[in-house]
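Written below as structure tokens is the structure these notes are about.
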Amino acid sequence: MPPAPPFDDDKLREECGVFGVTGVADAANFVALGLHALQHRGQEAGGIVSHDPEHGFNSARRFGYVRDNFTKQSLMDTLPGPLAIGHVRYSTAGAKGNTQIRDVQPFFGEFSMGGAAIAHNGNIVNADALRRELIEAGSIFQSSSDSECIIHLMARSLQRKVPERMQDALRRVEGAFSIVAMTRTKLIGVRDPLGVRPLVLGKIGDDGWVLSSETCALDIIGAEFIREVEPGEMVVIENGEVASHRPFAPRKPRFCIFEHVYFSRPDSILGGRSVYETRRQIGVELAREAPVEADLVCPVPDSGTPAAIGYSQESGIPYAMGIIRNQYMGRTFIEPTEQIRNMGVRLKLNVNRALIRGKRIVLVDDSVVRGTTTVKIREMLLDAGAAAVHFRIASPPTAWPCFYGVDTPDREKLLAATMSEPEMEAHLGVDSLRFISLDGLYRAVGEAEGRNPAAPQHCDACFSGEYPIAPTDRMERGFRLKEAAE
């Protein structure tokens, strides 16, 4: 697979997407469609495992986009059966940027009572310790993925049935996990006790059931959204019936607030709220918190669009498409030489010069990570004749890495970790830079009183530095928590 564009490292990378279907003919075809709808959650690789009584388990794992692999009839014919699960991947653990095919999920294990496959969205923060323990006990790992620990823990469990073995395994795991798994007859979905990553349940046809990372993937196959799998819940689907289990001690949920800001598709529903409407409301809050005299409000497409619409509606400043996205960019087709690197964002985004010239622009983006893209966009706008450039960011400053399923740079590479807001404004060379406050973000996601500092309603560690689960692996490697760093 060709390398990713060198200028694409200034965004937080989506984690992964999981999807599973049971009770329909040729379930793998439905899974391929679902993974296509979840492609935004991982573009590095994808895989599908299916089962039918005649051929047993079958799997296919490929690098690249779903559309380039799982639309070929010759491949889909190798994945027969009424039960299948799938996974799209961007590496958050293991060999980042150097993925081997053995790292691509779903993972499969053959146990004494039959086989099982598992697809995992999230990150296990005690994977290093578990891996050392399992290797010392004789386990042989095939991948660099933290998710493989779950299969080995299941193999060592003394329970008789796969769901019980999975419960045993997951009680040993720390971190974030939304899991879709399958046996010969069962489709299984599990969320960690904090519910950090999303997982939803849908219905298709008379006897079919679907598990998915997001509701938008239900829509593509015509499935009905039933409900979210609750934090700490395991659902086991067999013969058209759904059984709910509670294998973990109850805890107050801490769903990832960045799913609302960036990761999830705007046509999905999270916690009963439209992602699009939440992002529009973020723009409304931004306009109230950080007004400015300007002529146009423009989004950085596509993730900044709903917030820019909200900012425009609240401020009364006209909305316009001042930057146009090249929808066919994909991965760069030119070897990333130094000259191409210097072109940077221009391969993906282009300024609408006739609209921008002489105007004071409010530019709305979802986040600032390293700041390199922000600098290039500011240069493009000024080159096009903009009179002023005011950046408004639809999330608080990202000052801490995420260890729960997001590929975040090391802390020292995060601009907000080393600079104050005025220092960032000067460094980026913009006329003004303002982020939404953490309370403003909470209000936008439906918390009228803002963030509860004594018991935060969401996981917001990337903004606050308050980790709901101690990142033990990273702490062993020298990472210091907020209180230690201060």
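Quick notes on this one:
- Among the residues of segment 166-178, the ones that are open to solvent by less than 30 Å² (accessible area, probe 1.4 Å), touching a Lys or Arg at 6+ places or on another chain (Cβ under 9 Å) and in a helix (DSSP H, G or I) come to 1 in all.
- Checking each residue in segment 446-486 for being open to solvent by 40 Å² or more (accessible area, probe 1.4 Å), acidic (Asp, Glu) and closer than 19 Å to Ala127 by Cα picks out only Glu476.
- Of all residues making up segment 307-325, the number that are of a type outside the set (S, T, N, Q) and open to solvent by 10 Å² or more (accessible area, probe 1.4 Å): 10
- Per the listing Leu296, Leu270, the residue uniquely within 13 Å of Val445 (Cα to Cα) and either among the aliphatic types (A, V, I, L, M) or out of contact with any Leu (no Cβ under 9 Å at 6 or more places or on another chain) (or both) is Leu270.
- Within segment 183-192, the set of residues being in a strand (DSSP E or B) and within 22 Å of the chain's Cα centre (by Cα) comprises Ile188, Gly189, Val190, Arg191.
- Residue ID - most open to solvent (accessible area, probe 1.4 Å), chosen from residues in segment 35-56 that are farther than 26 Å from Glu259 by Cα and of a type outside the set (Val, Ile, Thr): Glu54
- Within segment 196-210, the residues that satisfy the criterion of being in a loop (DSSP other than H, G, I, E, B) and open to solvent by 10 Å² or more (accessible area, probe 1.4 Å) are Gly205, Asp206, Asp207.
- Residues of segment 151-193 that are touching a Phe, Trp or Tyr at 6+ places or on another chain (Cβ under 8 Å), within 19 Å of Gln105 (Cβ to Cβ) and not charged (D, E, K, R): Ile151, His152, Met154, Ala155, Val162, Leu170, Gly175, Ala176, Val180, Leu187, Val190.
- Given (1) open to solvent by 10 Å² or more (accessible area, probe 1.4 Å); (2) of a type outside the set (Ser, Thr, Tyr); (3) within 30 Å of Leu355 (Cα to Cα), number of the condition Ile393 does not satisfy: (1)
- Residue, modelled with the highest pLDDT, within segment 330-362, restricted to residues that are within 17 Å of Gly304 (Cα to Cα) and within 24 Å of the chain's Cα centre (by Cα): Leu349
- So Ala416, is it without any contact (Cβ under 8 Å) to a residue 60 or more places away in the chain, surrounded by 22 or more Cβ atoms within 10 Å (Cβ to Cβ) and closer than 30 Å to Val125 by Cβ: yes
- Within segment 407-417, at least one residue is outside any loop (DSSP other than H, G, I, E, B), in contact with a helix residue (DSSP H, G or I) (Cβ under 7 Å, 6 or more places away or on another chain), farther than 27 Å from Leu349 by Cβ and of a type in the set (Lys, Arg).
Conditions tested, residue by residue: (1) in a loop (DSSP other than H, G, I, E, B); (2) modelled with pLDDT of 95 or more.
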| position | (1), (2) |
| --- | --- |
| Arg443 | no, yes |
| Glu447 | yes, yes |
| Asn452 | yes, yes |
| Phe463 | no, yes |
| Phe479 | yes, no |
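- Close contacts from segment 275-300, counting a first residue that is touching a residue at least 12 places away in the same chain (Cβ under 8 Å) and a second that is of a type in the set (Phe, Trp, Tyr) and not in a helix (DSSP H, G or I), with Cβ to Cβ under 7 Å and a gap of 6+ residues or different chains, come to Val297/Tyr319.
- Against the conditions (1) touching a residue at least 60 places away in the same chain (Cβ under 8 Å); (2) in contact with a helix residue (DSSP H, G or I) (Cβ under 7 Å, 6 or more places away or on another chain); (3) over 11 Å from Ser213 (Cβ atoms), Ile48 satisfies every one except (1).
- Strands (runs of 3 or more DSSP E) wholly inside segment 211-290 that include at least 1 residues being surrounded by 20 or more Cβ atoms within 10 Å (Cβ to Cβ) and either modelled with pLDDT of 95 or more or small (Gly, Ala, Ser) (or both): 234-238
- Evaluation of Arg392 against (1) in a strand (DSSP E or B); (2) closer than 30 Å to Val88 by Cβ; (3) of a type in the set (Lys, Arg) (one fails), failing number: (2)
- Selection from segment 44-63 of residues that are acidic (Asp, Glu) and touching a Leu at 6+ places or on another chain (Cβ under 9 Å): Asp52
- Each residue in segment 124-143 was checked for being under 26 Å from the mean Cα position of the chain (by Cα) and aliphatic (A, V, I, L, M), and 5 of them qualify.
- Residue count for segment 125-157, restricted to those that are in contact with a strand residue (DSSP E or B) (Cβ under 8 Å, 6 or more places away or on another chain), of a type in the set (A, V, I, L, M) and in contact (Cβ under 8 Å) with a residue 60 or more places away in the chain: 2
- Here Pro422 clears all of (1) open to solvent by less than 30 Å² (accessible area, probe 1.4 Å); (2) over 20 Å from the mean Cα position of the chain (by Cα); (3) of a type outside the set (Val, Ile, Thr) except the condition numbered (1).
- For the condition touching a Gly at 6+ places or on another chain (Cβ under 9 Å) and on the phi < 0 side of the Ramachandran plot, Arg443 qualifies.
- From the list Arg370, Arg378, Arg434, the one residue that fits, being assigned to a helix (DSSP H, G or I), open to solvent by 20 Å² or more (accessible area, probe 1.4 Å) and either more than 30 Å from Ile179 (Cα to Cα) or charged (D, E, K, R) (or both), is Arg378.
- Qualifying residue in segment 428-446 (condition: without any contact (Cβ under 8 Å) to a residue 60 or more places away in the chain and under 23 Å from Asp192 (Cα atoms)): no
The values are calculated or read from the model by the stated rules, or taken from the named source; none is laboratory data. Small disclaimer: the values here were computed from a predicted structure and weren't measured. Note: ideal-geometry Cβ built from the backbone for every residue, glycine included; neighbour counts use all protein chains shown. What goes into the accessible areas is simple: the full protein's heavy atoms, side chains included, and nothing from ligands, DNA or RNA. Shrake-Rupley method; radii C 1.70, N 1.55, O 1.52, S 1.80 Å.
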